[in-house]
Amino acid sequence: MQRYFVTPEQLQDNRVVLTGDDAHHVVRVMRMEAGDSIIVSDGQSRVAEAVIRTLSPSNVEAEVSEWLQDSSEPLWSVTVAQSLPKGDKMEIVIQKGTEIGAVSFVPFQSQRMIVQYDDKKEAKRLERWGKIAKEAAEQAHRSRIPAIEAVASWKALIKLIQAYDLALFCYEKEGGGLGLRDAISAQRARHGWGSEERSILLIVGPEGGFTEREAGEAEEAGAVIVGLGKRILRTETAAMVGLACLMYESGEMGGV
């Protein structure tokens, strides 16, 4: 069943109103009719199945038939901090990361970034990324749309580390040393991690990788330096592999 995200104002008194692109998608893309059902979420706490009553290309009205339990979000809240990659790779990270289960994304600048960052284009870029996250969340039947933060400086990223239960700094030079699974096992042994909610920051570098100085600064700030195996991964692949591993370790896929 197709899922759509709405604002709290669009979901009131057991009535749902879809407009704009969402209404167009219902009518022109999905070719739904009155009597068909959709799932709607306000991106916070309410998820419902609703039956379409009236529709036009610009406006779709539906009536809530059943309130649903929110069970599609992962136990561990993982934020992907991704150094800005070139081309459309950030879009891939956001799209696939949303499908896998990331709760937010923090694009940031680092020393070996290949792309030339232009802050004049940030508003348009964030709007585009937000749309990609929304569409991916709907496709994956998420109950919330991941937040996408403004592009952070390296110093700002370092300050974020202390805000999380665990920050993992993916460093290719770690290679076959301490791996992500080792880091999680250590947390479980040292801090008694069980089946509770946790906040994790997954930090991934650009195409050129991190410098030793950056790795040292991150570790000094409290991040755990980890490798993602013996092979060198592309930046967009590293984000997805790290995120998928965390979902597994949290029990999302029956790993615990």
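So here's what we get for this one:
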quantity	calculated
Test: residue in the range 170-191 that is out of contact with any strand residue (DSSP E or B) (no Cβ under 7 Å at 6 or more places or on another chain), in contact (Cβ under 8 Å) with a residue 60 or more places away in the chain and closer than 17 Å to residue 249 by Cβ	yes
Residue that is modelled with the highest pLDDT [pool: residues in the range 99-140 that are of a type in the set (S, T, N, Q) and in contact with a Gly (Cβ under 9 Å, 6 or more places away or on another chain)]	110
Residue under evaluation residue 1, criteria (1) surrounded by fewer than 16 Cβ atoms within 10 Å (Cβ to Cβ); (2) at pLDDT 95 or above, criterion not met	(2)
Tally of residues being touching a residue at least 12 places away in the same chain (Cβ under 8 Å) and either buried (at least 19 other Cβ atoms within 10 Å of the Cβ) or farther than 19 Å from residue 136 by Cα (or both) across the range 11-24	8
Filter result for the condition that a residue is in a loop (DSSP other than H, G, I, E, B), open to solvent by less than 90 Å² (accessible area, probe 1.4 Å) and of a type in the set (Val, Ile, Thr), over 115, 106	115
Qualifying residue in the range 100-115 (condition: in contact with a Lys or Arg (Cβ under 9 Å, 6 or more places away or on another chain) and charged (D, E, K, R))	no
Failed condition for residue 65, given (1) assigned to a strand (DSSP E or B); (2) in contact with a Lys or Arg (Cβ under 7 Å, 6 or more places away or on another chain); (3) open to solvent by 40 Å² or more (accessible area, probe 1.4 Å)	(2)
Pick from the range 25-66, criterion in contact (Cβ under 8 Å) with a residue 60 or more places away in the chain and in contact with a Ser or Thr (Cβ under 8 Å, 6 or more places away or on another chain), ranking: farthest from residue 104 (Cα to Cα)	47
Candidate set: the range 181-236, residues that are touching a helix residue (DSSP H, G or I) at 6+ places or on another chain (Cβ under 6 Å) and at positive phi; chosen: the one modelled with the lowest pLDDT	209
Pick from the range 38-53, criterion surrounded by fewer than 16 Cβ atoms within 10 Å (Cβ to Cβ) and modelled with pLDDT of 95 or more, ranking: nearest to residue 1 (Cα to Cα)	51
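The values are calculated or read from the model by the stated rules, or taken from the named source; none is laboratory data. Since the model is a prediction, treat every value here as computed from it, not as a measurement. Heads up, the Cβs are rebuilt from the backbone with ideal geometry, glycines too, and the neighbour counts pull from every protein chain shown. Protein only, heavy atoms only, side chains kept; ligands, DNA and RNA dropped before computing areas. Shrake-Rupley method; radii C 1.70, N 1.55, O 1.52, S 1.80 Å.
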